[in-house]
Amino acid sequence: MNIPGKEGADPQRMESENIINALRRGTVPASGLSRIAVGVDIEEEVIARQLDYVARGGADLKFIRGDYGSGKTFLVARSLEIARQAGFVTAHVTISASTPLYKLKGIYQQVCATMRTRDEEHAPKAIIDSWLFGIEERIMKVSGSTVEDQALEAATAKEIENALAGISEMNTSMAAALRTYYRAHNAGDFQLAQAALGWICAEPNIGRDFKQKAGIRGDIDESVALTFLKGFTSIIIGSGYSGLAIAVDEVENTQALPRNQREKGYTTLQRIIDAVDRGEMPHTYFLFTGTPAFFEGPRGIRSLPPLYDRISVVQKDEYKNPRQPQIILSRFDAKKLQQVAEKVCDIYSRAYTEVDKGRVSHRFIRAMIQKITNRFGGRVDVIPRIFLKEFVDVLDKCELYEDYDPWTGYQFDASALKGELTQEEEAVMVVEF
């Protein structure tokens, strides 16, 4: 067993440990996803080119289509990682009963709640502070460094209005809230500043006191949520970022809603697509995910023909074209899973010590995949999460114990997964009597 000594920070080793720790927990790693990606090179290139276009002032979107086990979650995480590496702020919204597709306010709220950059996990405050600091710097550069604090504050408040002039033509509340945030922050009234930030991010339960002080009536609602999203994107650009990349996950959950809510959700989706196509959302990228039923089923987007026409694809042969509105993912297979396992071995070797390929051989990996797959009805596509969690456990035992032989020591105990399996995993598990 290798006992690490005290060393200087090694970024790649830290990243490697983060990846292995995430796989131990059965989750998608927060970074370093390129090191375990398999079979999505073309898709990554297409998304990277879209992001480059958006960074230059365009707007674009993509739908990722695939069954459970096709790798949608991984590709979304990888796409957002690519976006952050390209200087984007990212957000990740999951469509659910609490955040339905037809409620733009809820989507906007989740966008703000999940905003992150390469350096910040909860980024709205840092983004706004950076934007305001940039405004102050420009004013001081023009006026000279001797400008009085009161004059600087007045000039900054005016510049906030100028910077959001296009948004204020439709709704003046965002600029008013930002001025209040700026003045409260300067005055040391952090409670008022926090209330202003919360209101900008559509947080619930912001009291009347803030709105009175800010001169604001009402709250962010469905009619202005998209306008506020455009406004926040303007602030993001003003802070020096490339744009805003938003993943909207599991849109297929809309199919379970009553017809009126379902149709309203699809109309909202069409509204977003049309805003992108009309160039009304510069520097904004949307990435939606859904199952095949969402795209082709009777309760999916086929029920709204104009929406279906906008995002349907031409597919006449085996050559998939990810430049079309949809990226269509195939189910994960044993070959891909083995490739991932081999990459995990390399990452583990970087995080700890060199993996013993004599004990963890290609043949053992294939046998382990087969052993777990057999318990899930032969469905390789539903086992990657489970397999990788089990596989890291084998790697740990090989590193901790010199006499551990995975060929004789490893047994897949499905009963130990009780309460941990997803619905899809439980549905295909073979019950043993």
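Is it the case that residue 242 is small (Gly, Ala, Ser) and modelled with pLDDT under 95? Considered against the rule, which asks whether it is small (Gly, Ala, Ser) and modelled with pLDDT under 95, residue 242 comes out as no. What do you reckon, is residue 209 assigned to a loop (DSSP other than H, G, I, E, B), of a type outside the set (Ser, Thr, Tyr), out of contact with any Gly (no Cβ under 8 Å at 6 or more places or on another chain) and without any contact (Cβ under 8 Å) to a residue 40 or more places away in the chain? When the stated conditions are applied, residue 209 does not pass them. Within region 267-293, the set of residues being touching a Gly at 6+ places or on another chain (Cβ under 9 Å) and crowded, with 22+ Cβ neighbours inside 10 Å comprises 283, 284, 285, 289, 290.
Just one of (1) more than 24 Å from the chain's Cα centre (by Cα); (2) in a loop (DSSP other than H, G, I, E, B) fails for residue 282. It is (1). Please determine, by comparing only the residues of region 149-174 that are of a type in the set (A, V, I, L, M) and without any contact (Cβ under 8 Å) to a residue 24 or more places away in the chain, which one is nearest to residue 200 (Cα to Cα). Selected residue: 165. For region 112-148, the set of residues classified as in contact (Cβ under 8 Å) with a residue 12 or more places away in the chain, over 30 Å from residue 285 (Cβ atoms) and not hydrophobic (A, V, I, L, M, F, W, C) consists of 143 only.
Among helices (runs of 4 or more DSSP H) entirely within region 128-198, having at least 1 residues that are within 28 Å of residue 244 (Cβ to Cβ), open to solvent by less than 10 Å² (accessible area, probe 1.4 Å) and among the aliphatic types (A, V, I, L, M) singles out 149-163, 173-187. When you look at residue 46, is it closer than 18 Å to residue 286 by Cβ and surrounded by fewer than 20 Cβ atoms within 10 Å (Cβ to Cβ), yes or no? Spelling it out, residue 46 is indeed closer than 18 Å to residue 286 by Cβ and surrounded by fewer than 20 Cβ atoms within 10 Å (Cβ to Cβ).
Note on region 368-391: residues that are without any contact (Cβ under 8 Å) to a residue 24 or more places away in the chain and closer than 25 Å to residue 405 by Cβ amount to 1. Listed by first and then second residue, the pairs linking a residue in region 236-262 that is more than 30 Å from residue 57 (Cα to Cα) to a residue that is of a type in the set (Lys, Arg) and surrounded by fewer than 23 Cβ atoms within 10 Å (Cβ to Cβ), with Cβ atoms under 7 Å apart and 6 or more places separating them unless they lie on different chains, are 254/262; 255/262; 255/299; 262/299. Kindly indicate whether residue 363 is among the charged types (D, E, K, R) and either open to solvent by less than 30 Å² (accessible area, probe 1.4 Å) or modelled with pLDDT of 95 or more (or both). Yes; evaluated as a whole, the condition is true for this residue. Residues that are open to solvent by less than 30 Å² (accessible area, probe 1.4 Å) and not hydroxyl-bearing (Ser, Thr, Tyr) were ranked within region 58-70; the one that is farthest from residue 93 (Cα to Cα) is 58.
Residue count for region 73-98, restricted to those that are surrounded by fewer than 22 Cβ atoms within 10 Å (Cβ to Cβ) and under 26 Å from residue 258 (Cβ atoms): 4. Taking every residue in region 78-105 that is more than 20 Å from residue 227 (Cα to Cα) and pairing it with any residue that is among the basic types (Lys, Arg), at least 6 positions away or on another chain, the pairs with Cβ-Cβ distances below 7 Å are 84/118. The set of residues in region 322-333 being in a loop (DSSP other than H, G, I, E, B), open to solvent by less than 60 Å² (accessible area, probe 1.4 Å), in contact with a helix residue (DSSP H, G or I) (Cβ under 8 Å, 6 or more places away or on another chain) and closer than 24 Å to residue 310 by Cβ consists of 322, 325, 329. Right, residue 230: among the basic types (Lys, Arg), open to solvent by less than 60 Å² (accessible area, probe 1.4 Å) and either closer than 30 Å to residue 148 by Cα or outside any helix (DSSP H, G or I) (or both) or not? Against the criterion (among the basic types (Lys, Arg), open to solvent by less than 60 Å² (accessible area, probe 1.4 Å) and either closer than 30 Å to residue 148 by Cα or outside any helix (DSSP H, G or I) (or both)), residue 230 does not qualify. Taken together, the residues in region 42-83 that are assigned to a helix (DSSP H, G or I) and over 22 Å from residue 308 (Cβ atoms) amount to 23.
Number of residues in region 383-393 that are surrounded by fewer than 20 Cβ atoms within 10 Å (Cβ to Cβ) and of a type in the set (Val, Ile, Thr) equals 0.
Mind checking whether some residue in region 334-351 is part of a loop (DSSP other than H, G, I, E, B) and either surrounded by fewer than 16 Cβ atoms within 10 Å (Cβ to Cβ) or in contact (Cβ under 8 Å) with a residue 60 or more places away in the chain (or both)? Checked against the condition, which is being part of a loop (DSSP other than H, G, I, E, B) and either surrounded by fewer than 16 Cβ atoms within 10 Å (Cβ to Cβ) or in contact (Cβ under 8 Å) with a residue 60 or more places away in the chain (or both), region 334-351 yields no hits at all. Only residues that are out of contact with any strand residue (DSSP E or B) (no Cβ under 8 Å at 6 or more places or on another chain) and aromatic (Phe, Trp, Tyr) were counted across region 206-258, and they come to 2.
The values are calculated or read from the model by the stated rules, or taken from the named source; none is laboratory data. Everything numeric in this text was worked out from a predicted model, so none of it was measured. So basically every Cβ, Gly included, is an ideal-geometry build from the backbone, and we count neighbours across all protein chains shown. Each accessible area value is taken on the protein alone, full model and side chains, heavy atoms only, with ligands, DNA and RNA left out. Shrake-Rupley method; radii C 1.70, N 1.55, O 1.52, S 1.80 Å.
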